[in-house]
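One structure below.
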Amino acid sequence: MDSPIMANKKWTRTKAERRQELWRKIKKNKWIYLMIAPGLLYFFVYKYIPMYGLIIAFQDYKPYLGITGSEWVGLDHFRRLFSDPDFWMIFKNTLVLFALQVCISFPVPIILALMLNELRSRAYQRSIQTMIYIPHFMSWVVIVSISYVMLTLDGGIVNNILRALQFDQINFLLNPEWFRPMYILQIIWREAGWGTIIFLAAIAAVDPQLYEAAKMDGANRLRRMWHVTLPAIRSVIVVLLILKIGDTLELGFEHVYLLLNATNREVAEIFDTYVYTAGLKQGQFSYSTAVGFFKGVVGLILVVMANWLAKRYGEEGIY
């Protein structure tokens, strides 16, 4: 039996060998690490360094005093957030819009990718892909402006058609009941085509022999899609869903803000627009930071839980 001194020497030697092995791998793959360096630098500068500013969520921050000179107030801003009458309205709106995204807009790229994969003509497939990719390169300002032109009561195409068919006109832009359908349809229009890229890449990696075997067993195209294609890309779907769950309270500011108005605020106000109003318009920097901190913590918890559930049921997860 080795003495404690010998065991310690063996452990030290093993640790040194591991370190040398790590450096050998880094030198061997130095060009790969060099390629990912800009991405790592971006996340470090714009994602990690600004986290220092979260300190002001626990202070009564005054710009002229700075972070070091502002008064420490502890959890006062979080207590104010949870006691705010608007909190539950905003929380509900955010969760409803997120649920609509997961249940309606998230499956659309998967369905489109499956349909595009079944096209026999590659030229026709590429043409369709190009057409559905284009909206992704438009800003939300353009998307919402196009929707405004189409849906407005004053000469909008949709209301003109309704009037020509002798139906009542609909005020899509100011009616709260139409906010959520407009929101989801605009997301599908802009992002569904772009979202097919990852799923088409995953489908391209499926072994063709699996399709041949299924075909020999008498499976038609729909059965091959259901029993071969979908199981093969299931891990990709799970990973993207986990990442999507992490954005539960992070729906994006610009899109909702462009659709938001005084008449639909009860169903349209979310945390992103609330932070903008409280932080930039009203100058409540500490309070808006506390709201953002709350969003980040909730997102982290949901990602960890979703990843744990995915691994529990046999999927790979994201870590």
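The values are calculated or read from the model by the stated rules, or taken from the named source; none is laboratory data. All values reported here derive from a predicted model rather than from experimental measurement. Note that we place each Cβ from the backbone using ideal geometry, even for glycine, and neighbour counts take in every protein chain shown. Accessible surface areas use protein heavy atoms only, side chains included; no ligands, DNA or RNA. Shrake-Rupley method; radii C 1.70, N 1.55, O 1.52, S 1.80 Å.
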When every residue in the stretch 158-181 that is of a type in the set (A, V, I, L, M, F, W, C) and more than 30 Å from the chain's Cα centre (by Cα) is compared, the one most open to solvent (accessible area, probe 1.4 Å) is F167
Within the stretch 265-313, the count of residues that are outside any helix (DSSP H, G or I), modelled with pLDDT of 90 or more and over 21 Å from the mean Cα position of the chain (by Cα) comes to 0
For R24, the lone unmet condition from (1) open to solvent by 100 Å² or more (accessible area, probe 1.4 Å); (2) not small (G, A, S); (3) not in a helix (DSSP H, G or I) is (3)
Does I184 fit the bill of being surrounded by 14 or more Cβ atoms within 10 Å (Cβ to Cβ) and in contact with a helix residue (DSSP H, G or I) (Cβ under 8 Å, 6 or more places away or on another chain)? yes
Taking the stretch 158-207 and keeping only residues that are touching a Leu at 6+ places or on another chain (Cβ under 8 Å) and outside any helix (DSSP H, G or I), one is left with D168, Q169, I170, N171, F172, L173
Pairs returned, first residue in the stretch 293-319 that is open to solvent by 100 Å² or more (accessible area, probe 1.4 Å) and among the aliphatic types (A, V, I, L, M), second residue that is in a helix (DSSP H, G or I) and modelled with pLDDT of 85 or more, beta-carbon separation under 9 angstrom, 6 or more apart or interchain, are M305/I245
Please work out if R190 is within 30 Å of T229 (Cα to Cα) and either touching a residue at least 24 places away in the same chain (Cβ under 8 Å) or crowded, with 17+ Cβ neighbours inside 10 Å (or both).
yes
Exercise for review: Restrict the check to the stretch 258-279 and report whether at least one residue is in contact with an Asp or Glu (Cβ under 8 Å, 6 or more places away or on another chain) and free of Cβ contacts under 8 Å to residues at least 60 places away in the same chain.
Suggested key: yes
Checked against (1) touching a Lys or Arg at 6+ places or on another chain (Cβ under 9 Å); (2) among the basic types (K, R); (3) crowded, with 16+ Cβ neighbours inside 10 Å, K215 satisfies every condition except (3)
Of (1) part of a loop (DSSP other than H, G, I, E, B); (2) more than 21 Å from the chain's Cα centre (by Cα), E316 fails just (2)
Turns out the helices (runs of 4 or more DSSP H) fully within the stretch 40-157 with at least 3 residues that are open to solvent by 40 Å² or more (accessible area, probe 1.4 Å) and not β-branched (V, I, T) are 76-83, 85-100, 107-117, 122-133, 140-151
When A262 is run through (1) buried (at least 18 other Cβ atoms within 10 Å of the Cβ); (2) in a loop (DSSP other than H, G, I, E, B); (3) of a type in the set (A, V, I, L, M, F, W, C), the failure sits at (1)
I198 vs (1) at pLDDT 90 or above; (2) open to solvent by less than 50 Å² (accessible area, probe 1.4 Å); (3) of a type in the set (A, V, I, L, M): all pass except (2)
Here the residues within the stretch 269-292 that are of a type in the set (A, V, I, L, M, F, W, C) and either open to solvent by less than 10 Å² (accessible area, probe 1.4 Å) or under 23 Å from H255 (Cβ atoms) (or both) are I270, F271, V275, A278, L280, A290, V291
